[in-house]
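Student: I am attaching a structure below and will ask some questions about it afterwards.
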Amino acid sequence: MKRTADVVVVGAGIIGSSIAYQLARHGVGRVVALDKGKGPAEGSTGASSSICRCRYTHPEVVRLAFHGQEAYGNWAEFTGLDQPRSGLQRVGVLWMMGESQDRVGSDADKLMGEGVKAEAIGPDDVTELFPSLSTCGVPFDLTGEIEHQCAPGEAFLYESLGGYAEPVGANQDLIEATRRLGGAVEFNSRVAEVLKENGRVTGVRLEDGTEISAELVVNAAGPWCNQLNAMAGAELCWTLTPTRIQTVYRSWPQDLGPVPVGADASTGIYFRPETGGQQVLVGSVLPEDEEEVIEDPDDYKRVPDASFTEIKLAAFHHRVPGLEARGGVSGVAGLYTINREDVHPVVGPSGVDGLWVANGFSGHGFKLAPSIGSLVAQAYTGASIEFDTDVPMSFLSVDREPIDVAVKNVLA
Ligand SMILES: Cc1cc2nc3c(=O)[nH]c(=O)nc-3n(C[C@H](O)[C@H](O)[C@H](O)COP(=O)(O)OP(=O)(O)OC[C@H]3O[C@@H](n4cnc5c(N)ncnc54)[C@H](O)[C@@H]3O)c2cc1C
């Protein structure tokens, strides 16, 4: 069978579905997103901690994150759905990084300069907002070899309008929103070949032989992106590695009060509420937990290791001293596609005519997704509309120099 589209998006995770929806919102009539999965969010998106925070090294990334947060924060309006499944839970983002008042104050100023609500708060403010959290600012040695004496941190950066959005629902919402605007999102549709004529990409062939020709093919294949780029003969000068990332969930007793999204440098963890506050999710911000490169994104261990679970829960107990040891524990492991050069994605023309990429999100892809769709749609249509980001796509282009980052990991 032969079909024709304006744009084919390969992958319908949070990035592909956002690109498809944004193209449809910008008036592109024939958008087709194809996914090899049986349903939404079978890739990185389904395992995402889906935290939406804005503190990043670069103002451009702050704005991409902020514009994404605005979309998630106004999700019904953004998607046009009366009853969306997801949307931003603005539980606040608290940075407990053991930093000085000066450092936190200057970072808060930088964020506010980009439009983000951010403030430097002290330990007493933290206790008032989140009574169960220890305000300790001293590094805690989890091996127990170095004796630890808790002492309050000097200052904490607080993004009161940040939070998280349930990722599978957000992915489903974008798919529904795309379809309502006439776009197609098709599952059980593995792209087996990228079609080319005279060196230009002209479409794709699916596993079942269907050919879809298009002016533009966008690679939004997440951890499988290298396979698709290879099919198209695109040789990116970036090392994009599917990397196993673990998270732990445990029950959260309601009498401990609210919990925000937290980044905790004393032990190298992050955390957030899960399932409406009945549980908490705990993950890692340590570079050593971003090293397990996976050869085949279809074949990796999808539950956390016992040692990871044990150590991260011990770290979380340091932050929440009143948390009883008993309680149900579970977790998931998913894949970040890490851009090893600068932990930022590459977005836009790939170097092969007719093929654009949106790859290498390195742990930031959920929060950036609405903005990434906006970049692609603005560049393809030349039109800017409500909720669009003002960051130029060239900031993330394939032919940029590596972005200079303060830390080369998920906190970049
Ligand atoms: C544990 C974990 C925690 C995270 N926490 C956060 C966070 O707190 N905040 C944040 O912003 N980000 C976070 N991320 C990162 C974020 O989830 C990812 O960057 C994002 O989900 C990537 O989306 P994607 O659409 O690119 O990839 P995916 O969701 O993997 O989607 C790619 C899709 O492409 C499809 N596909 C692949 N090859 C083909 C083919 N040949 N034909 C057809 N379809 C194909 C796949 O089936 C898949 O559905 C986290 C990720 C993980 C794993």
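Computed from the coordinates by the stated procedures, all read-outs in this text should not be read as laboratory data. Just so we're clear, the structure is a prediction, and the values are computed from it rather than from any experiment. Neighbour counts run over all protein chains shown; Cβ positions are idealised from the backbone, glycine included.
Student: Using a ≥ b ≥ c from the Cα gyration tensor of the range 127-178 (square roots of the eigenvalues), is it rounded, prolate or oblate, where a/c under 1.5 gives rounded and otherwise the larger of a/b and b/c decides, a/b for prolate?
Tutor: Taking the square roots of the gyration eigenvalues as a ≥ b ≥ c, the range 127-178 is prolate.
Student: What does the extension gain come out to for Gln149 and Glu197, with contour length at 0.36 nm per residue minus their alpha carbon separation?
Tutor: On the way: separation 48, 0.36 × 48 = 17.28 nm, distance 6.70 nm.
The Gln149-Glu197 span can extend by a further 10.6 nm.
Student: Moving on to the next point. Using Stokes-Einstein with the Kirkwood hydrodynamic radius over Cα pairs, what translational diffusion coefficient do you get for the chain at 20 °C and a viscosity of 1.002 mPa s, in µm²/s rounded to a whole number?
Tutor: Working: Rh = 21.7 Å.
It comes out at roughly 99 µm²/s.
Student: In the range 154-246, what GluC sites (Glu not before Pro) fall in a loop by DSSP, with at most 16 other Cβ atoms inside 10 Å? Each step should come with its number before you reach the end.
Tutor: Values: sites: Glu154, Glu159, Glu176, Glu186, Glu193, Glu197, Glu207, Glu211, Glu215, Glu235; in loops: Glu154, Glu207, Glu235.
Counting only loop positions with at most 16 other Cβ atoms within 10 Å, the GluC sites (Glu not before Pro) in the range 154-246 are Glu207, Glu235.
Student: Now for a separate question. Quick query: amide H of Gly137 versus all other amide H atoms, modeled in the peptide plane; which residues come in under 5 Å with a sequence gap of 5 or more or a different chain?
Tutor: Ala151, Gly153
Student: Which one of His58, Phe78, Pro40 is farthest out on the positive end of the charge dipole of the range 40-93, using unit charges on Cβ (Lys, Arg +1; Asp, Glu -1) and the Cα centre as origin?
Tutor: Ranked along the dipole, the leading option is His58.
Student: Let me ask something else about it. Debye sum, Cα scatterers, the range 1-142, no solvent: what log₁₀ I/I(0) at q = 0.10, 0.15, 0.17, 0.18 1/Å?
Tutor: Taken in order of the listed q values, log10 I(q)/I(0) reads -0.51, -0.95, -1.10, -1.17.
Student: Order these by the 10 Å Cβ neighbour count, fewest first: Met231, Met1.
Tutor: Taking fewest neighbouring Cβ atoms as first place, the list is Met1, Met231.
Student: Tell me which trypsin sites (Lys or Arg not before Pro) from the range 1-86 have a DSSP coil assignment and no more than 14 other beta carbons within 10 Å of their own.
Tutor: Taking the range 1-86 and a limit of 14 other Cβ atoms within 10 Å, the loop trypsin sites (Lys or Arg not before Pro) found are Lys38.
Student: Could I have the simple spin-label model distance between Ala406 and Arg340, label points 7 Å from Cα toward Cβ, reported in nm to one decimal?
Tutor: Each label point is offset 7 Å from its Cα along the Cβ direction, giving 2.6 nm.
Student: Counting Lys and Arg as +1 and Asp and Glu as -1, what is the net charge of the other residues whose Cβ lies under 11 Å from the Cβ of Arg25?
Tutor: -1
Student: Ranking request for peptides 399-405, 342-348: highest mean number of other beta-carbon atoms within 10 Å first, then the rest in descending order. List each step's numbers first, then the result.
Tutor: On the way: 399-405: 13.0, 342-348: 23.7.
The densest-packed peptide leads the list: 342-348, 399-405.
Student: Taking neighbour counts of Cβ atoms within 10 Å as a proxy for exposure, in what order, fewest first, do Thr309, Thr45 appear?
Tutor: The fewest-first ordering by Cβ neighbours comes to Thr309, Thr45.
Student: Report the gain in length on full extension from Gln101 to Ser330: 0.36 nm times residue separation, minus Cα-Cα distance, nm rounded to one decimal.
Tutor: Full extension from Gln101 to Ser330 adds 78.8 nm.
Student: So what is the calculated 222 nm ellipticity per residue for the chain, using -39500 (n - 2.57) for each DSSP H run with n of 4 or more, over all residues, to the nearest 500 deg cm²/dmol?
Tutor: Dividing the helical sum by the residues of the chain leaves -8000 deg cm²/dmol.
Student: With a 10 Å Cβ neighbour count serving as the proxy for reagent exposure, in which order, fewest first, do Ile311, Ile175 appear?
Tutor: Values: Ile311 19, Ile175 23.
The fewest-first ordering by Cβ neighbours comes to Ile311, Ile175.
Student: Which entries in the list Lys36/Lys312; Lys2/Lys301; Lys117/Lys312; Lys196/Lys301; Lys301/Lys367 go over 31 Å, if you measure between the two C-alpha atoms of each?
Tutor: From Lys36/Lys312; Lys2/Lys301; Lys117/Lys312; Lys196/Lys301; Lys301/Lys367, over 31 Å: Lys36/Lys312; Lys2/Lys301; Lys196/Lys301.
Student: Around Phe361, which amide H atoms from residues at least 5 apart in sequence, or from another chain, sit under 5 Å from its own amide H, with H modelled in the peptide plane?
Tutor: Thr337
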